[in-house]
Structures are given as C-alpha cells and as structure tokens.
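**Student:** Structure below; questions to follow.
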Amino acid sequence: MRKPRILVVGSCNMDYTFGGDRFPKEGETVMGDSFSTAAGGKGANQACQAARAGAKVDFIGRIGQDANGSELMRGLGEMGIDTSMTVLDPESTTGCALIELERHAEGTRNRIMVVPGAQIRFRDGELDFLRDRIGRYDMVLLQLEISMSANETVADMAKEAGVPVMLNPAPYAPMSRGFLQNVSFISPNEHEAAEMTGIAITDWESAEKAAAAIAESGPGNVLITMGEAGALLYYEGKTVRVPSVKTEAVDPTAAGDSFVGAFCAAYAAGLAPDDSMIFASHAASLTVSGYGAQPSIPDINRIMKKLGDTASRFDRDALSRLTGGN
Ligand SMILES: Nc1ncnc2c1ncn2[C@@H]1O[C@H](COP(=O)(O)OP(=O)(O)O)[C@@H](O)[C@H]1O
Ligand SMILES: [Mg+2]
C-alpha cells in the first residue's frame, strides 16, 4: 500500500512567546514570567498534520541561513517530512513571530507581530524545478503566508500536471481569478469566506450560500470551517454539514491547520469527501483539546481512536494507506 503523497509549499515560523501580568506601554520595560519558543507557520502546521495523519509529505519553504531555519527543518524532518527542496536565502531571516500574552483573571489577551522574512521573497524561477516533478504528488497544499506569485506559480504547474490543489486562503488576501481557477479545493474559515463573498456567515444556510458563490469563482469544491459550529463541504454541487466533535477545547490554535491537513491526507488516500470531512473534524477536535500548535496536532493512532466505530464505514483500502503503507 502506497501512502498518499502531498506537497506543501508554504510558511514556517519560529514563535517566541512572552507572558506576563501586563503588556509594556510605549517606552516602558516590564518583567514577564514565562517564555517559550515553538515551531509554527500555517505551511509547517498543515504539513505536520498531513504527515501525522499518515501521508508522505514534502515541504518546500523559504528560510534564512540561521539557527531558526535549521531548527524548523530538523523538527519537520523528525516528523518524517522531506524538506530537502526548501530554498535557503542567506540575505533574509527565517520567519518568526513575537507573541505577547497578558494574563488576567478573566483570561489571556495576546498581541502578535510576525516578521515573515525569507518566505515572502520567493524569486521568479526559484520554483521552476517543480514543473518536472509536481506530477508525482496526489495533492498540493497551499496557504497565503508566502508570496502570492509563488502560490500562483505552483498552482499553475499543478493544474498543468493534473494534480488537485487545496488552498487554505489564510491570512485572507484578495486572489486573482486565474489563481482561483487553478485551485480545486479551497478551505476558508467563516471570516475568510465572508471576506471572499461579502456574505456574513451566521448559520448553515448562509455558509451554503457563501460556498456556492466561492465555487462559482473558480475552486469547484469548498470547505468552510466555522470553529465549534462545525464545517461545511460543498463538493460537486452538493453540500454536506459536518458538526464539530464535542470536546473540552483549551486552545483553538491550529484548529484550521489541523482540519485542512487531515482532510488532504484522507482525501488523497482515497477516502470519500464526506468521510474525509469527518476524519478531519475528529483530528481538529483533538488539536483544540491540547495546547500549542504542533504539540497538539494528533497522529493517526489518536485520530483512529477518537473516530472509534465511525471509521468502520470508511473505505478500508483508503484508510489502510494512512494507517499502514509506506
Ligand atoms: N471548540 C471546538 N470544539 C471542537 N472542534 C472544534 C472547535 N473549534 C474548532 N474545531 C474544529 O476545527 C475546525 C476548524 O476550526 P476553525 O476555527 O474554523 O479554523 P481556523 O483555525 O482556521 O479559524 C472546525 O471546523 C471544527 O471541526
Ligand atoms: Mg476560527
């Protein structure tokens, strides 16, 4: 059994999280009480979920020649992800984010500054080597944290090679019609779907309306995720409503990354689209029940356990490409 092959071209960041009682004011220095570093970036998070769900994943990022870059690649490598095609830019820094947390009795506020560095500097021609090899993947997964032109180039090559592209349009940015027409799946959350259509998403009906409008604009198949309210699939003109899996949610970080990474692994393995949605919603429910992005992203064993009897109706051969395979 051959594992599904997925190519992720996208972002990877080192997150620096500082916590304390209050944010410093302008010009002020305050003492904090916690510090941690963690790997993040939507591209890396989604690659992590697809790999842990059982896919064979290649990741192409763009990093500086610095300690963060090597640390991030080492982390992805430990998950079995091939990062050998990642582009090194000695003139830029690896993407990083400063996350400040201010803790209150009522909860925690955050402020985040992201310096994308090398990853928004893909140059013309830098990804041309992919044209000859993109046909070997079952699916290509993109987000909007790298330069739009790099995404457009990859989607164009994938379309030419007949490989389906999943685009997670986050963080939201206006996209050209040509780009959207090279995408077969798109996975906005409720806010991104509202940005794309002008339709406020408040319930299943408004989500269905937005999904149909987005499908009309190019990507024929649309997944709209709506946090705890669940997710909607619009596939070949039909809609499927997938409620979220009840869980004790402690940290919503990477919920969407987990959902889309797991969906791609399942769909590329050959699971039916609606079953792939159910698989993804179980994975994402585990992600929100743990802290952090990559640390909380579940592997196939935890997803199968969470699915329990629900998995018995899934296509067995497809599922075994994720649970076994190589
Ligand atoms: N509180 C929650 N409980 C259970 N599942 C959740 C919860 N929050 C999110 N999810 C799952 O994660 C998916 C993606 O979450 P969402 O918030 O829509 O993505 P994003 O992180 O992009 O905003 C949801 O469709 C749902 O399946
Ligand atoms: Mg959300």
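Every number in this text was worked out from the coordinates using simple rules, so none of it is lab data. Just so it is clear, the structure is predicted and the values come from calculations on it, not from any experiment. Cβ coordinates were reconstructed from backbone atoms using ideal geometry, including for glycine residues, and neighbour counts include every protein chain displayed.
**Student:** Examine the stretch 18-26 for a residue that is touching a helix residue (DSSP H, G or I) at 6+ places or on another chain (Cβ under 9 Å), outside any loop (DSSP other than H, G, I, E, B) and within 20 Å of Pro252 (Cβ to Cβ), and state whether such a residue exists.
**Tutor:** To start, the set of residues in the stretch 18-26 that are touching a helix residue (DSSP H, G or I) at 6+ places or on another chain (Cβ under 9 Å) comprises none.
No - not one qualifying residue is present in the stretch 18-26.
**Student:** Only residues that are exposed (fewer than 12 other Cβ atoms within 10 Å of the Cβ) and aromatic (Phe, Trp, Tyr): list them for the stretch 1-37, please.
**Tutor:** Phe35
**Student:** Still on this structure, I have one more. With the requirement that a residue be β-branched (Val, Ile, Thr), over 30 Å from Met157 (Cα atoms) and away from ligand 2 (no atom under 16 Å from the Cβ), what does the stretch 181-222 give you?
**Tutor:** Step one: of the stretch 181-222, the residues β-branched (Val, Ile, Thr) are 183, 186, 197, 199, 201-202, 214, 222.
Add one more test, that the residue is over 30 Å from Met157 (Cα atoms), and what stays is 199, 201-202.
Ile199 - this is the single residue of the stretch 181-222 that is β-branched (Val, Ile, Thr), over 30 Å from Met157 (Cα atoms) and away from ligand 2 (no atom under 16 Å from the Cβ).
**Student:** Where in the stretch 133-245 are the strands (runs of 3 or more DSSP E), entirely inside, with at least 2 residues that are aliphatic (A, V, I, L, M) and buried (at least 19 other Cβ atoms within 10 Å of the Cβ)?
**Tutor:** Values: elements: 139-143, 165-168, 221-225, 231-235, 238-242.
Counting at least 2 such residues, we get 139-143, 165-168, 221-225, 231-235.
**Student:** Hey, can you tell me all the residues within the stretch 246-261 that are closer than 22 Å to Ser11 by Cβ, part of a loop (DSSP other than H, G, I, E, B) and more than 6 Å from ligand 1 (Cβ to nearest atom)?
**Tutor:** Of all residues in the stretch 246-261, those closer than 22 Å to Ser11 by Cβ come to 251-261.
From the residues that got through so far, the ones that are part of a loop (DSSP other than H, G, I, E, B) too are 251-254.
Listed by number, the residues that qualify are Asp251, Thr253, Ala254.
**Student:** Of the residues in the stretch 78-100, how many are part of a strand (DSSP E or B) and either among the hydroxyl-bearing types (Ser, Thr, Tyr) or crowded, with 19+ Cβ neighbours inside 10 Å (or both)?
**Tutor:** Total meeting the criteria: 2.
**Student:** Filter the stretch 275-302 for residues that are touching a helix residue (DSSP H, G or I) at 6+ places or on another chain (Cβ under 7 Å) and outside any helix (DSSP H, G or I) and give the result.
**Tutor:** Correct list: Gly290, Ala293, Ile297, Pro298, Asp299.
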